[in-house]
Amino acid sequence: MHQFAHMADVHLGANRHGKMAELEIGAFARAMDICITRKVDFIVISGDLFHVGVPSDLNTVRQAVAKMREVTEHGIPIYAIYGSHDYTPTSTSIIDVIDSAGLLTKIVRPQVIDGTLKLECVEDARTGAKLVGISARRMGLEREYYDMLDREELERLDGFKIFAFHSGIDELKPEYLSRMDSIPISLFPKGFDYYAGGHVHQHSEHHLPGYDRIVFPGPLFAGYGRDFEFTAKGERRGFYIVSFDQTVTDVEFVETVLVESVYKEYNLTGFNSSRAQDTLAESFSRLDVDGKIVVLKIRGELSGGKTSDIDFVHLQNLLYARGAVDVHLGRRGLTSADYAAITVAGEDVTVIEERLFKENVGTVHTNITELQGDSGVKLSLELLNVLKEDKNPAENKKEYEARMIEDAFGVLQLKGAFEK
């Protein structure tokens, strides 16, 4: 009997300050320690180990690498694929650096032959398990890989086999991700013993005809504000330990929660801004928040005054003063009857960005087909993500600007068109 650990969407570096950064790396360290204690045979990370492909927070990288070295020194190999956040259009990702250092093995080894994508199998030395997978690209552009995939060759593989991926699946998407790009299950190779998923930030296990175990572990901690909301509402965070011999015999979810959360909603419809401020302050004074992450959703339509009249900074500080570890205060659902505001449906930043591009792509007049319609939206989003990258501590301003230009041209497939 053997065991492997399956985790994904770790998003190291997403929480960059104070206690939240400590909790984030702490959840990763706890997962690695559990793998050592349980003596798993190997670990599979299905993408988004880091929040960006080239992290600027080198302290987080240092701590993560030290813990991964400890795991490998216990004889536990780590196998990984790119997630959408690990991908960089022109530069080497931190995943490649760690792979070169011998602390993990990338299991995606693609080769295109006559328009067909062939995947080389990686075999775990101790267990004989066979691992293959498809890495993500930004904004779901990996669909073309699945279209070209030689599924029949993979289906002929014998022994215990794992398919790692970092995509949503059409048939399995939760409602809140209905707009997310995804892949139909028919494009996956059939007959694998375990489909190790990533990208969907909720843990779940599924069974479909020909695809027996499709598993998403969700994040160890949290990468986005929505993650904190789901956690506060009761979503468990952690990873899976899978027992197997010739087939999977057991799938166990192991939690990595290090801190409690509090969730509360407020409907301020009919309140004026002054009464809303007093009501929130009084309610906050009664919440048990000491040592906890606090997630608050405030909605409704004020009968008088502006939403900006409410001093939300002061209200948040009331909670911090009472010992809250972190406060996430969502108020996009709060409006005023007296003052109209420009609103964008959706609460996730990535959803808002996509919707804005979709609403405005038609105003761009161009004969370049790649800049029109859905392809133009995807290209714009990929370029936006490149331009969000922070300056690395080791870079000066000129080097940072040069890297941004090079990466942007890489997205636009204009590499070489710019002379430094």
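Please go through region 107-123 and pick out each residue that is closer than 11 Å to residue 153 by Cβ and either of a type in the set (Asp, Glu) or touching a Gly at 6+ places or on another chain (Cβ under 9 Å) (or both). If you could, list the steps in order and put the result at the bottom.
Here is the first cut: in region 107-123, the ones closer than 11 Å to residue 153 by Cβ are 113, 116-121.
Correct list: 119, 120.
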Hey, can you tell me all the residues within region 195-207 that are in contact with a helix residue (DSSP H, G or I) (Cβ under 6 Å, 6 or more places away or on another chain) and modelled with pLDDT of 95 or more?
206
Of the residues 236, 286, which single one is part of a loop (DSSP other than H, G, I, E, B) and not assigned by TED's automatic domain parsing to the domain that holds residue 329?
236
Filtering region 288-311 down to residues that are closer than 25 Å to residue 15 by Cβ and either of a type in the set (Gly, Ala, Ser) or touching a Lys or Arg at 6+ places or on another chain (Cβ under 7 Å) (or both) yields 289, 290, 291, 296, 298
Given (1) in a strand (DSSP E or B); (2) within 30 Å of residue 129 (Cα to Cα), index of the condition residue 246 fails
(1)
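Listed here are the residues, each with its yes/no results for (1) within 16 Å of the chain's Cα centre (by Cα); (2) surrounded by fewer than 20 Cβ atoms within 10 Å (Cβ to Cβ); (3) closer than 23 Å to residue 86 by Cβ.
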{"site": "117", "(1), (2), (3)": "no, yes, yes"}
{"site": "145", "(1), (2), (3)": "no, no, yes"}
{"site": "155", "(1), (2), (3)": "no, yes, no"}
{"site": "199", "(1), (2), (3)": "yes, no, yes"}
{"site": "204", "(1), (2), (3)": "yes, yes, yes"}
Does residue 178 satisfy the condition of being within 15 Å of the chain's Cα centre (by Cα) and modelled with pLDDT under 95?
no
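Residues are listed down the side, and each one gets a yes or a no for (1) among the β-branched types (Val, Ile, Thr); (2) at pLDDT 95 or above; (3) in a strand (DSSP E or B); (4) farther than 23 Å from residue 332 by Cα:
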position: 223; (1), (2), (3), (4): no, no, no, no
position: 226; (1), (2), (3), (4): no, no, no, no
position: 241; (1), (2), (3), (4): yes, yes, yes, yes
position: 258; (1), (2), (3), (4): no, no, no, yes
position: 263; (1), (2), (3), (4): no, yes, yes, no
position: 276; (1), (2), (3), (4): no, yes, no, no
Which one is surrounded by the most Cβ atoms within 10 Å (Cβ to Cβ), of the residues in region 11-25 that are in a helix (DSSP H, G or I) and out of contact with any helix residue (DSSP H, G or I) (no Cβ under 6 Å at 6 or more places or on another chain)?
24
Only one of (1) in a helix (DSSP H, G or I); (2) at positive phi is not met by residue 146, so which one is it?
(2)
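Report, by residue number, each residue of region 157-205 that is of a type in the set (A, V, I, L, M, F, W, C), assigned to a loop (DSSP other than H, G, I, E, B) and touching a Ser or Thr at 6+ places or on another chain (Cβ under 8 Å).
Restricting attention to region 157-205, the residues satisfying the condition of being of a type in the set (A, V, I, L, M, F, W, C) are 157, 160, 162-165, 169, 172, 177, 180, 183, 185, 187-188, 192, 196, 200.
Imposing the further condition that a residue be assigned to a loop (DSSP other than H, G, I, E, B) reduces the set to 157, 160, 180, 188, 192, 200.
160 - this is the single residue of region 157-205 that is of a type in the set (A, V, I, L, M, F, W, C), assigned to a loop (DSSP other than H, G, I, E, B) and touching a Ser or Thr at 6+ places or on another chain (Cβ under 8 Å).
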When region 124-143 is examined, which residues are found to be within 16 Å of residue 194 (Cα to Cα) and either crowded, with 16+ Cβ neighbours inside 10 Å or within 21 Å of the chain's Cα centre (by Cα) (or both)?
124, 127, 129, 130, 131, 132, 133, 134
Restricting to region 226-258, name every residue that is touching a Gly at 6+ places or on another chain (Cβ under 7 Å) and either surrounded by fewer than 19 Cβ atoms within 10 Å (Cβ to Cβ) or not polar (S, T, N, Q) (or both).
237, 253, 254, 255, 258
In region 27-60, the residues that are at pLDDT 95 or above and of a type in the set (Val, Ile, Thr)
34, 36, 37, 40, 43, 44, 45
Which condition number does residue 273 fail, the rest of (1) within 20 Å of residue 20 (Cα to Cα); (2) touching a residue at least 60 places away in the same chain (Cβ under 8 Å); (3) touching a Gly at 6+ places or on another chain (Cβ under 7 Å) being met?
(1)
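Every residue, every condition in (1) of a type in the set (S, T, N, Q); (2) in contact with a Ser or Thr (Cβ under 8 Å, 6 or more places away or on another chain), yes or no:
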{"position": "246", "(1), (2)": "yes, no"}
{"position": "249", "(1), (2)": "yes, yes"}
{"position": "253", "(1), (2)": "no, no"}
{"position": "258", "(1), (2)": "no, no"}
{"position": "282", "(1), (2)": "no, no"}
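Among the residues of region 214-228, are any over 30 Å from residue 327 (Cα atoms), in contact (Cβ under 8 Å) with a residue 12 or more places away in the chain and not assigned by TED's automatic domain parsing to the domain that holds residue 331? Lay out the reasoning, then the answer.
As a first pass, look at region 214-228 and keep what is over 30 Å from residue 327 (Cα atoms): 214-215.
From what is left, the residues that are in contact (Cβ under 8 Å) with a residue 12 or more places away in the chain are 214-215.
With not assigned by TED's automatic domain parsing to the domain that holds residue 331 added as a condition, the list becomes 214-215.
Yes.
The values are calculated or read from the model by the stated rules, or taken from the named source; none is laboratory data. All values derive from a computational prediction rather than experimental measurement. For neighbour counting, all protein chains shown are included, and Cβ atoms are generated from backbone atoms with ideal geometry for every residue, glycine included.
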